[in-house]
Structure formats: structure tokens, C-alpha cells
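Nothing in this text is a laboratory measurement; each read-out follows from the coordinates by a stated rule. Note that this is a predicted model, so its numbers are computed, not measured. Note that we place each Cβ from the backbone using ideal geometry, even for glycine, and neighbour counts take in every protein chain shown.
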Amino acid sequence: ASKTGQLDSVQTQLTNQLLQDLLVGLGGQSYAIARAAGTTTKSYPAQKAFWNGETAFRSARYDSAVTAFSKAVTIDPSYALAYYRLSAAAEWNFNFLEARRAARLASEHSSSLPMPERQIIPAWVDFLAGNAEEAEIAYSRIRSQYRRDIESLSGLGEVKMHYNPVRGRPIAEAKPDFEQVLRMGEYGEARFHLLEFAARARNRTEFDSLFAGLAAENPQRPAWQAVRAFTFGTRAEQDRALALLEA
């Protein structure tokens, strides 16, 4: 029993150190889902894979995130939050079948999750299924209970961004949500959607401010550099952007 207790203590220390390192890497923001992920699997290697995926996901390196989250659920096939993140990373990586498969598995294994993470998964499932009204209601309900929950705030923005056109509502309704997300921390698609809004509005000051926040290694940076060149730039800037894309 003593030996087991020592092992548990060592794992707890390692887990806490990993979480601390992750949160430092994410700019010190306290992301509830990252904390919950550390308590919903007993596998230290699965936790480590999850947090590697989380770091990639936050910086929009979705292919790397898919690889890491896939490793996490291979190690622990009941890891609901890793399935959830795998689904989101796959969706933004245009692997829609994998996104839906992982969402189903996240739902199947979600009964032991804490709140609000347990509520987030059905809202995400509704979003993927095209159930816009149900997803918006679910995300709004979570937001009313957990004001600092970045998952539900981002979810609300995504529902409005993707489904408002078919609901006869302006996508501009999504902009305040993404602005608030970005104030809380770097998160997936939020910066990219705000870049879209700035480009549509021909607001170069806003676009350049958002573009400056893209890390040099961000895989989407060359594409946004091309958007910048062809929205605001000179012919020379457009030629440079095309050359970068071709490379």
C-alpha cells in the first residue's frame, strides 16, 4: 500500500508539472478543459499526449493535434475529452468523418465528466449534425452558468458563423463572441474568423493587428498573408504572396 501511495504521489506531481507547463505555454490562461483532462484519465502517457495535442490545437496546428489526440485515445480508449478534442481538431482539419466518429465516442464516454465539460459535448455533437438552434441554446445555457468558459463562447461564435446564413441572420453576430474569446486567450479558429471580418470590411488596421498575432510557424499564416496582399496590397506584395504559397 505504501508503494502504491508513493507511485500515486509521483504521478500527481508529474501531472501537476505537466499542467503548469501547459498553462505557461498557453500564456498563463486557466483553461478549464485542460484542468479537467488531467483528472479524467489515470494514464500519465495519455495525459501527456492530450496536452501535446492541446498545445497544437490552441495554435491551430490541427494535423499535429489530431496525431496527439489520436495517441491519447489509443492509450486510453475511454478518454472522453481526448475524443472531444480529436473531433474538433479533425473538423478544422477537414476530416469530417473522423470528427463525427470521435464526437460519438466522446459522447459515449462522457458520463463521468465534470461540469461544464459534460454539457459541452452534446452541444458540439449538435453543431456537427447541423442542429444549429439546439447547439446555440446549449452553448448559451452553459455560458449563463460558467461566464469564463471559453469552449461555450467559441461554440456560440461558430454556430453563428457557420449557420446564420442559412437561418437568415447576419454572421456579424459572431464577431463579439470571437473578440471575447481572443481576449481570454488564443483559441483555434477565433483569430481566423476575425481576420475574415476585417478583410470583408476592408479594415487594414484591424487586419494587420490580428495578423501580427499569428505565430511565424502557424501553418495558416501564408494563406492569410495572401489574403492581406490581395485585399490591401500592391502587385509586388501579391506576387510575393503567390511565390510563398507556391513554395
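Translational D (Stokes-Einstein, µm²/s) of segment 112-197 at 4 °C and 1.567 mPa s when Rh comes from the Kirkwood sum over C-alpha pairs? Don't skip to the end; give the middle numbers.
On the way: Rh = 12.8 Å.
Estimated via Stokes-Einstein, D reaches 101 µm²/s.
Around Trp92, what is the net charge, scoring Lys/Arg as +1 and Asp/Glu as -1 over all other residues with Cβ under 13 Å from its Cβ?
Counting the neighbours of Trp92, the net charge comes to -1.
Return the Cα extents of segment 165-247 along principal axes one, two and three, sorted largest first, each rounded to a whole Å.
Sorted from largest, the Cα extents of segment 165-247 read 38, 27, 24 Å.
For every other residue with a beta carbon closer than 10 angstrom to the beta carbon of Ala46, add +1 if it is Lys or Arg and -1 if Asp or Glu, then tell me the sum.
Within the 10 Å Cβ shell, the charges total +2.
Using only the Cα atoms, what convex hull volume per residue in Å³ does the chain have?
In the chain, the Cα hull volume divided by residue count equals 136 Å³.
Provide Rg and Dmax in Å for segment 47-113, with only Cα atoms included in the calculation.
10.4, 29
Under a point-charge model restricted to the Cβ atoms of Lys and Arg (+1) and Asp and Glu (-1), what is the dipole moment magnitude of the chain relative to its Cα centre, in debye to the nearest 20?
Roughly 180 debye for the chain.
What is the spin-label model distance, in nm, from Arg167 to Asn203 if the labels are put 7 Å beyond Cα along the C-beta direction?
Once both label points are built, they end up 2.2 nm from each other.
If we count every other residue with Cβ under 15 angstrom of Arg101's Cβ, Lys/Arg +1 and Asp/Glu -1, where does the sum land? Can you show the working numbers first?
Working: positive: Arg85, Arg100, Arg104; negative: Glu91, Glu98, Glu108.
Here the charged neighbours net out to 0.
Over segment 174-247, what relative contact order in percent results from Cα pairs under 8 Å that are six or more residues apart?
Reported relative contact order: 21 percent.
What per residue convex hull volume, in Å³, comes out for segment 72-111 when only alpha-carbon positions are used? Can you show the working numbers first?
Values: hull volume 2.0 nm³, N = 40.
Here the figure is 49 Å³ per residue.
When we measure straight from the Cα of Lys42, which aspartates and glutamates land under 14 angstrom away, once same-chain ones fewer than 8 places off are left out?
Result set, ordered by chain and number: Asp8, Asp76.
Collect residues whose amide H, placed 1.01 Å from N in the peptide plane, falls under 5 Å from the amide H of Asn218; neighbours closer than 5 in sequence don't count.
none
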